[in-house]
Structure formats: structure tokens, C-alpha cells
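Accompanying notes for the structure given below.
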Amino acid sequence: MNCITYNQETKVFSLRTNQSMYQMQVREHNTLVHLYYGANIGDTEVTYRIVSLDRGFSGNPYEAGNDRTFSMDVLPQEYSGYGNGDYRINAMEMEQDDGSDAVHLRYESHRILPGKYSLEGLPAMYGTDEEAQTLEITLYDRISNLKVRLLYGVFPNLDVITRAVRMENHGQKRVAIKRAMSMEMDYQNKHMDFIHFYGRHAMERLTERLPLHHGVQSVESKRGTSSHQHNPFVILCDQMTTETQGDCYGFALVYSGNFRCEIEVDQMEQTRLVMGIHPYHFTYRLNPGDVFETPEVVMAYSDKGLGRLSNIYHDAYRSNLIRSKYMNAPRPILVNNWEATYFNFDEEKLFNIACAAKEIGLDMFVLDDGWFGKRDSDFSGLGDWVVNESKIKGGLPKLVERINGIGMKFGLWIEPEMVSEDSDLYRAHPEWVLRIPDRSMVRSRYQLNLDITRKEVRDHVMNQIFSILDSCNVEYIKWDMNRSVANVYSAALPADRQGEVFHRYVLGVYDMMERLVTRYPNLLFENCSGGGGRFDAGMLYYSPQIWCSDNTDAIDRLKIQYGTSFGYPISTMGSHVSVCPNHQTGRNTPFETRGIVASAGTFGYELDLEKITPEEKEIAKKQIQKYKEREHLVQTGDYHRLTDPFRNTDYVVWQFVSKDKRESIVDGVMLKNEPNPHIHLIYLRGLDPSTRYQDKKTGQVYTGAALMKAGIPLPVGCGDYQPIEFHFCAL
Ligand code: DGJ
């Protein structure tokens, strides 16, 4: 494999994937300058793009002598430091022991290595020598003796380039890293749009597209998790870019804690994007010899619009980020008891739901919150991971055996990062929570964040959970996290290390999850944080699915799942059929429609199956059967957003196409019906134009070209929220 080259004469690095190219150059005074990221441009090195002019009020480094045209303030760079005359947003900031905070990063050396680099204790894409190559460029700050190693992982067949940074203190004195972004991307004169995914609890990853403006714009989380409010995945695209045409760039941070993505359009109409750990409450001290590694960013480029960009991410995560054996295997279709019972259940009720689930063809029963400690409400019990025998008489092994006995698998909910004040754990170890000395605490859902920066706390919690998992046949775990991190102070760390707590918390989560998946490799693991409050690429390294939102309303889910699909595979989105009127919105939708929406995800049910009507049972049986027949498309196919639910308020339609283009499903929801209706034509994508496809329902045959260019009419139905469903197979 030779996808990374270095031209000794011109000092240009070229990184190539099948459809993209990345160039940078070591230039005057050993400055590492960014030249290009975009479509493959052959063997031309675009060094000529750098045009240097004397710019007023943009200073010149001393070593440039009398050359007033060389200024860090306008040069596109690979990784800029603070305090060297570059007044834009920077990738890194460091403070030396003497209080000075400048950093002048200069190229020192580089290495090209087989395979993909890995990061200590952090999730990251992985790749064999056949799949990936690594470039490590070492930058050096002469005064502090800090080495900054820029890491690039190039996956030619996946069309992605990953980036991360390793900082090493080779000096004699301690330094404090105050900003350590994972990457920087400088564009010359690009007028682009910024697409990001914002929201709130129960309404996550809504889509917003805005033209970039002068100055700084950003998205971020300071909540200790990646958050419901902003997602650590963003897109920059040309202003004319659509789903099917135009240039676009994706940036996904593989991290589950505080983050910031900043974009600045500067005085010269240049754009700089930096992404990484949020500098808020972040100071990482490096003693001589110490190393700090940033989390990774996965970058992708598409010149075929946003649809192609999404499919690059879907493929990359499915093959080289998610490690679970379930990634491409059929997943058990589950029923979860949360919306059926909340905290109010006993073992008979649970068993009866499991029996009703078996009757309609489900595979697994998941016992949600409320099975442990004194957990009768959200006031108490977190931290006491022992079964509540007053609710589950005879204990968990007995219940699991009964459920297994009727041919159903069993899954369990946990929330290991938390403790209730009313719990045995808190009574025994009040010092095991994050708490700022002498201050009253910020509570949320009456629970506190355990100080999982401490190994003894992680050990205690995981050992309790392991003894539950060892005692019975649990085949699935839902790991929840139901508050933002606050009271950020660890009694176990000295005063000058408190700026590390947020990051150490995330490392603690990763350590606990790593222990879980290593000890139980066959477990199906689903992440959750009050729904989708931690829906990020970092979590996908541990779990192949994440509960997408606490909002199970099929109509709201159209927007939530649409936004999520830009950066994440469809099979990672936990999505369930729930009862109507919906518990979050009070809305009524047909049972069929709820099934169609939930099957654009990791399918399941979340309602009291004992209470559904015989007609609904029959529909559910068919939904389950159908999902099993089509699951391979959700798991391995290409995905196309045929409509935008933020613009088209009449209907929402999406499509899956198998990689061999032999099969496709088109699903959707008619949002409203009108008298004397318009005929809506939808245009399919990703088919082979000359192949003949048969509609499995009507038997009608079309060429792929007809389906894509002439379109097909949507059914004219009656009533709001009617399902749309087509299934095409190649003849
Ligand atoms: C929040 C989750 O998103 C829900 O699905 C449920 O597990 C509750 N927590 C339980 O407390």
C-alpha cells in the first residue's frame, strides 16, 4: 500500500484515497503549510496556491528577516499554535512553567508506517496493513522542547482520513496544555455552508444549514458528554451542494465528552476549522517525559453531495470502527419494558410481557430501569447493583431462566456512572462523587456523577455489575447516563490537576466499557444517555447501537433519524414502536407507520404488549417478519434521504439499496392528506439504470433509469400519517 508519499525535493506530502486527496508542504522556516483537501487531482502538487503578500498588521516571525510577506496570520497551516503572530483561532495553546504561553511549531521529521495508529485508552478507527497507512509528522517547539506529533490514518478504500495529535514533553520543565484540538483544516477562499446537528433532550440532532459568516461560529458541549444539544459531527459544503451533487467535507470527533468545533472566516476570506476537546475547564499538565493524546477526528470528502458523504461514514464505521460481532449480524428484535411499566412492575408482569412478545415473534425481553436496589422511583437506588427482590421475587437468575425457558433472550439496563443520594453506596462512600469542596451540589434527576476518574470507584461498580452478569444469562446490556456532568472536582486529584477531570471522566467511561466488552464479547451492547445525549462515534467503538432518542413519536423521529443519518449508520439508531397516544407528544399515528419509522433503525418495541389489540398483534407479527427479511439492507446497504423533513411537510421518504444494487426498499410517511390531492413523484437513487426492477407488491417492472429519472407516484391514501412502502428486486 502506498497511499502516503513525500516528495524530498518539494517537501510535499500527498495522501490519497480512492476519491480524495490531501496535500501539505514543509515551507519557509520549516512551517507545515496546508495545501489542499478535495477531489483527486493527479500528480500536480498545488504549491502555487500559496501566494504571499505583505499584509498590514499581520506580523512576521523574526527568522523571516526583512520579508514582510511571510506571516503566520494568513498562511494556511496544518496545526497552528497560539502566540506566534497568528491571530485566528488556533489548534493548540500551551503554558510553560514561567507563565509564558507562546508555541512556535516547526517541522522536525516524519515517518510513514503500515496500518493505522491507535490511541491509548481512546476509541479510534482500526485498520490492518492492507487497509490503512499512517503518517506521523513531528512538529517541535524549540523553547519548551514540546514535540507535537500529527497523526494521519489514511484508508484508501473507505475514502476517509483520520487525524489525532500526540504531545510529548521532552523538556526539563513541566508544561500545561490548555488547548489541544484534534485537527485543524484551513481552506483558502471557500464560501461554504455549515451543517450541524443541534437539539435538546427528546429532540436530538435536528439539522441546520447556514452560510459561513465572517468571524467565529461554533458548536460545543460543556456538559461532560457529547450532549443532546450539539453533536460532534459537522459538515462544510459548497453553497450549491445538494444530496446528490457538489463538494462537501465531514468532520466527526470520536469522543464522548466536552467538545468544540470552531470555524473562523478570516480577513482574507479564508476558512479555518478546528475540532477537539473543549478548552473550557481543560488544562493538562505534562511533566518531563509525559504524553498526552487527543481523541481522533474522522474526515471525509465527497464531490457527489451529502448522500455520498453519509454513506462514506456509514461504511467506514461499520467496517473499521464498530467492533461488535453484531455489527453485520442479525440483531435480536427486542421489547423493552420502560414505556410499558416505568418503575411499576413485578416479576409476573415482566414475564407476561415476555410471553406476549414471544407470541408475536420477538427475540428478546429487555428489563429497563427499576430492577435493583431501592429503585421504586428516580429518587433512589442508583449505585446499588443488586436485584430488588421485593419486585423480582426469587431474584434475577430465576426470572431469566423463566424467560429463556419460553425461548426468549434476556437483556438488562444499567447506569454505572451514577449514584443516588438515597443508596447504600452513597451512604458508605459520600466521597466517591464529583463535588466541589464546600459548595452545594448541582443535582439532576436527583442523581450525582460518581467520580469515575478514580480506579477504585470504577472497580467497585464494574465488579457489582459483573457479578450480576455472571449470575444469569444476560445477552444484552443497555448502558444509560441520565444527567450532564457537574460539580467538576475530584477529591483524588491535586488542585493543579482539576483541569483534567472532565477528560479523565471520559477516559473512565471508556475504561469501564472496555472492561465490559472484553469480558463479555458476545454481549449485545446498546448505549443510551437519556436517549441520544451521547450519540457519537466514540460510543460506537464500544456498542453497535445507541438509543436514538427518548422521543418515540414516529413523526418527531422522522426529523431525529434524518439528522442522525448524516453522520451515523442507520443500524446504529435504536428505534422502537411505542403506544399511542404517544407518551412524549400525545400524538396518534397508525401502528403500521410506527413500524415503518422504527424499522429505519435497530428495530424493537417499547409498550405493554399485553394491552395491544388482536389486530395490532397481527400487524406487529408482519412487521417483525418483514424486518427480518430486510435487515440486511439496513445493516449493509446504502442509504438515501429522498426528502428533507425540514422542508417537505407533505411527506418524508428514504431508501435503502443493497451494495450489489439488486434490491431496494423505499419507505416513508405521508404527513398529511388533502382533498383533490397533488400527485407526488419520488425519484429513486443508487440503482443500476439498465437493470429491470420489479415492485414486489404490484408486480410492475421498471428500469432503474425509469425509477431514478421518471420517478414513481406516491400512493394516494386517506388519513394523516399513512405509511409509504415499496420493495424492488432486480429480475
Ligand atoms: C432514559 C432512557 O433513555 C430511557 O429509555 C429509560 O431507560 C430511562 N432512562 C430509564 O430511567
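Farthest towards the positive end of the charge dipole of the stretch 496-582, among the residues Leu516, Thr564, Gly533, is the Cα of Leu516, using unit charges on the Cβ of Lys, Arg, Asp and Glu. In this structure the chain gives 36 Å² per residue of accessible area when probed at 1.4 Å with all protein chains present. Taking all protein chains in place and a 1.4 Å probe, what share, in percent, of the accessible surface of the chain do carbon and sulfur account for? Looking at the chain in its full context, I get 49 percent from C and S.
Here the stretch 377-435 is assigned +1 on the Cβ of each Lys and Arg and -1 on the Cβ of each Asp and Glu. Its dipole about the Cα centre then comes out at about 420 debye.
With both labels modelled 7 Å from their Cα along Cα-to-Cβ, the Ser440 to Arg662 distance reads 6.7 nm. Each Lys and Arg contributes +1 and each Asp and Glu -1, all at the Cβ; summed about the Cα centre of the stretch 248-350, the dipole is approximately 360 debye. Among the cysteines of the chain, those with no neighbouring cysteine Cβ under 4.7 Å are Cys3, Cys261, Cys355, Cys472, Cys528, Cys548, Cys580, Cys718, Cys729. Structural descriptor for the chain: relative contact order 10 percent, calculated from alpha carbon pairs under 8 angstrom and at least 6 residues apart. Farthest toward the positive end of the dipole of the stretch 176-333, out of Leu321, Pro332, His196, is the Cα of Pro332, where the dipole comes from beta carbon charges about the Cα centre.
Note on the chain: dipole from Cβ charges, positive end direction compared against Tyr79, Pro211, Ser100; the farthest Cα belongs to Pro211.
Working from label points 7 Å from Cα in the Cα-to-Cβ sense, the Asp424 to Asp720 distance is 5.1 nm.
The values are calculated or read from the model by the stated rules, or taken from the named source; none is laboratory data. Note that the structure is a prediction, hence the values are computed from the model and not measured. Note that we place each Cβ from the backbone using ideal geometry, even for glycine, and neighbour counts take in every protein chain shown. In case anyone asks, the SASA skips ligands and DNA or RNA and just uses the protein heavy atoms, side chains included. Shrake-Rupley method; radii C 1.70, N 1.55, O 1.52, S 1.80 Å.
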